[in-house]
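In what follows, a structure is listed as structure tokens, so that the remarks can point back to it.
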């Protein structure tokens, strides 16, 4: 019997046949490579003034962590939005909702399969970017030990483990971005509007964070949760930002995906 | 498309496999169906019943609400009021109501970046139940086997229509709903589509065919509903619709004045008029024989006497633009027939 798994597999198959998939994944590969190239070519080894800046020349493991820091501004939200913002809207664009709604799958099954596929893509992009960062960084600066944010030295294997767990923690706000992308995709029925809209929401939340007088909102902003992984890089591990990220992102993500679900399952398919 | 068997390619409407309709709910039963968009009423209270084995024409001008009705029948749009039952099941409650049902509204749509076979494989996976094993047969039926590896984005409109039929056939449907399947096709494509519908109906499939192409409907359908401004103005057999319009004859003789007197005096000859310099009247065939004899006996020799047959087109325009059913050769004479009744019952 067809089910969510069927939709999920075919959504992944469809993603493999769309250019936008490779634009996002391509960016996830190229950005760390360019970043390492920039490290290699720079003439002055200045202090960067940001976490792990001093370690970029000493350990390749610092590269993915620095990319996580800067990628939160627009790169990862954009890569995530490329698929999450498109996955329902493209069905409107192609007029194919009426085709899939008249087969043997309930709408909730279609929704779940698509949401899972969009999430899988985002996870793939983050881990691909992290892995390329580790490999390219290690080729440039060596697979060496890393200094944690508390100043303790972490061995290279332990550092590698922390990098991947950090990527996992990074997926918490990314999941919220996926949910916002799905909502806008379902709501606007327009890929470009949904992709740009998702990015704009992400940027606006960051803007709120830098506005004077709104500092008290900082812990509740989605943009702040992109730094939760840094709790792992402290000794002992500071779980509070990670726990905070989990519930704050849920506050953004659950209403968004709930809205997307209701719109998708209740909508009239009058066009296409 | 594949050559149709001789019986399927024969002229005239198809009436299904000829078996008696099985007991159980009808393939389509629509009652009081309404769809409003704000102030606009797209469908204003449609009642219709499609029986097992019917090839049912759903006729109406553009904007009459045909496609909106079909979307509601397929569960794509929630009705504002009224009910749709497919084999007794409500398509708005669960997609399970579409078991044994397939079709498309407006142009069939596919993923343009996938080839035809991949599109069908995906839809077959979404259908389950062995649909995947029917792909080759479906492609062969619509003669797209040779193009199955081509991306649908490069397909012509006609090829997409045929692929739409193939996608429908994957579900092994008992009921096929087709919205304007021949629209946009060239004459050969339209002929092929008609032959295909003939063939599918000949295999016992119930078909609802929405169209504004009257020849298409008249050629393949046994029953018809005519929709006007979102409301059904006629539902019933095409043959009954034509019969209900009556048979009018025109007559030319060597002495029309005398012939006129004979006609008016002859039993079974009604509504005798002089139109465009010719005598016209309504009658059934048995009365026409007696009239011929009476005319000869009176000395008014017949130059010509012929029935003026009413076409579905005449009836369609009388229902959708005029006041309702017409007589052959005459103007509209009565209001719309109530749904579910042939025109004759309304007159």
Log entry: pair-distance distribution for the range A:222-272, C-alpha pairs binned every 5 Å from zero, whole % per bin is 5, 18, 17, 14, 11, 9, 8, 7, 5, 3, 2, 0
So residue B:186 and residue B:94, fully extended at 0.36 nm per residue minus their Cα-Cα distance, gain in nm 29.4 nm
Comparing A:100, A:87, A:172 in a Gaussian network model of chain A (Cα, 10 Å), the one with the largest mean-square fluctuation is A:100
Each residue of B:124-131 has, on average, a number of other protein chain C-beta atoms within 10 Å of its C-beta equal to 5
If each part is reduced to its alpha-carbon centroid, the range B:67-130 and the range A:59-115 end up apart, in Å, by 25
Averaged over the residues of A:103-112, the number of partner chain Cβ atoms within 10 Å of each residue's own Cβ comes to 4
Taking Rh as the Kirkwood radius computed over alpha-carbon pairs of the range B:28-235 and applying Stokes-Einstein at 10 °C with viscosity 1.306 mPa s, one gets a diffusion coefficient in µm² s⁻¹ of 92
Counting other chain Cβ atoms within 10 Å of each Cβ in B:105-118 and taking the mean gives 4
Cα extents of the protein assembly as shown per principal axis, largest first, Å, are 126, 53, 47
Taking A:73, B:50, A:83 and counting other beta carbon atoms within 10 angstrom, the fewest-first order is A:73, B:50, A:83
Between residue B:78 and residue A:247, the two model label points (7 Å from Cα along the beta-carbon direction) sit apart by a distance in nm of 3.4
The Rg/Rh figure for the range B:247-308, Cα atoms and Kirkwood Rh, to two decimals is 0.89
The convex hull of the Cα atoms of chain A, divided by residue count, gives a volume in Å³ per residue of 141
Between residue A:239 and residue A:266, the two model label points (7 Å from Cα along the beta-carbon direction) sit apart by a distance in nm of 3.8
Ranked output for segments B:136-148, B:202-214 by mean other Cβ atoms within 10 Å, highest leading, reads B:202-214, B:136-148
Percent antiparallel among DSSP beta bridges confined to the protein assembly as shown, rounded to 5, stands at 65
Between residue A:196 and residue B:37, the FRET efficiency computed from the C-beta separation at R0 = 41 Å comes out, to the nearest 0.05, as 0.90
FRET efficiency for residue A:152 and residue A:1 from the Cβ-Cβ distance with R0 = 60 Å, rounded to 0.05, comes out at 0.65
With bins of 10 Å, the percent of all Cα-Cα pairs of the range B:138-206 per bin from 0 is 20, 56, 23, 1
Residues of the range B:171-202 with backbone N under 17 Å of the label point set 7 Å from the Cα of residue B:132 along Cα→Cβ are B:171-172
In whole angstrom, the spacing between the Cα centers of the range A:1-34 and the range A:225-272 equals 21
Between residue A:57 and residue B:304, the two model label points (7 Å from Cα along the beta-carbon direction) sit apart by a distance in nm of 10.7
Stretched fully, the stretch from residue A:164 through residue A:40 gains (0.36 nm per residue minus C-alpha distance, one decimal, in nm) 42.2 nm
For chain A, longest principal axis from Cα atoms; helix A:107-141 axis from its Cα atoms; angle between them, nearest 10 degrees, is 20
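Throughout, read-outs are computed from the coordinates displayed, never taken from laboratory work. In this text, all values refer to a predicted model and were calculated from it rather than measured experimentally. So basically every Cβ, Gly included, is an ideal-geometry build from the backbone, and we count neighbours across all protein chains shown.
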